[in-house]
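Values quoted throughout were computed directly from the atomic coordinates according to the rules given, and no laboratory measurement underlies them. As the structure is a prediction and not an experimental result, all values here were calculated from the model. No Cβ is skipped: glycine too gets one built from the backbone with ideal geometry, and neighbour counts run over all protein chains shown.
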Amino acid sequence: MDKATKKQALLNYFSSFDYAQELVLDHDDLVRWLEKCIEDFRLRNPPELTNDWQVWETPDEWERRVLANFRGTNQRFHQALGLYRQGDRELMERVCSSILGLSKNMDVVSERWFKYVDNYKARKYAAAYNDVSEKAANIYYTLRGTWHDNEILDEVITGLINEAKLREYLPEKPPQS
């Protein structure tokens, strides 16, 4: 498909209810995998965990700050999705905006404890985090109309997009006379 058509299809896709729902489901996974990582760490009770660890290096701080934040965001996402279905996009835009600032908010915690978690669970958490960050950015920039030039066509920015799925969001052609 040509660039202009693909660009419009991406705009249609990123602003669709289906894509917003994918984001919310990914965020559900994010919360679930972080909970599993914290639980796994505690079950292992690593002997390397000593008193020289700072509180911000432990999963306790993640549970207190990060997981609590994720759970609150998750509730707002579900509320936003209900409003989005009705055509009200404001809350979805705001929640996506808060996701964009997430990495700055997480600068105060360390990921040191993740090396003591089952690698599969840690990877699933990281993948969910990346998916949420990517989709929230795609929705936010689309709803705000703030894509620069052809950034929306750059899969390094948007992530890989399934071409078959994207075809479902092709712009309708005007009727021919």
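Assorted remarks:
- Fewest-first ranking of Trp33, Trp62, using other Cβ atoms within 10 Å as the exposure measure: Trp33, Trp62
- In the chain, helical runs assigned H by DSSP with n ≥ 4 each contribute -39500 (n - 2.57); averaged across all residues and rounded to the nearest 500, the mean residue ellipticity at 222 nm is -19500 deg cm²/dmol.
- For the chain, a simple Cβ point-charge model (Lys and Arg +1, Asp and Glu -1, everything else neutral) yields a dipole of about 260 debye relative to the Cα centre.
- Phi-derived couplings, Karplus 6.51 cos²θ - 1.76 cosθ + 1.60 at θ = phi - 60°, listed residue by residue for segment 5-15: 5, 5, 4, 5, 5, 5, 4, 5, 5, 5, 9 Hz, with x used for Gly and Pro.
- Near the amide H of Ser15, within less than 5 Å, lie no amide hydrogens of residues on another chain or at least 5 residues away, with H placed in the peptide plane.
- The chain: angle of helix 17-44 to the longest principal axis, Cα-based, in degrees nearest 10: 10
- Around Asn150: net Lys/Arg minus Asp/Glu count, Cβ-Cβ under 14 Å: -2
- By the Stokes-Einstein formula, at 1.567 mPa s and 4 °C, segment 11-98 with its Kirkwood radius over alpha-carbon pairs has D equal to 87 µm²/s.
- Fewest neighbouring Cβ atoms within 10 Å first, the residues Glu155, Glu39 line up as Glu155, Glu39.
- In terms of other Cβ atoms within 10 Å, Met1, Met92 run from fewest to most in the order Met1, Met92.
- Distance from segment 1-24 to segment 119-177 (C-alpha centre basis), Å: 6
- Size descriptor for the chain, Kirkwood hydrodynamic radius: 17.9 Å (Cα pairs only, one decimal).
- Summary value for segment 1-126: 40 percent relative contact order, contacts being C-alpha pairs under 8 angstrom separated by 6+ residues.
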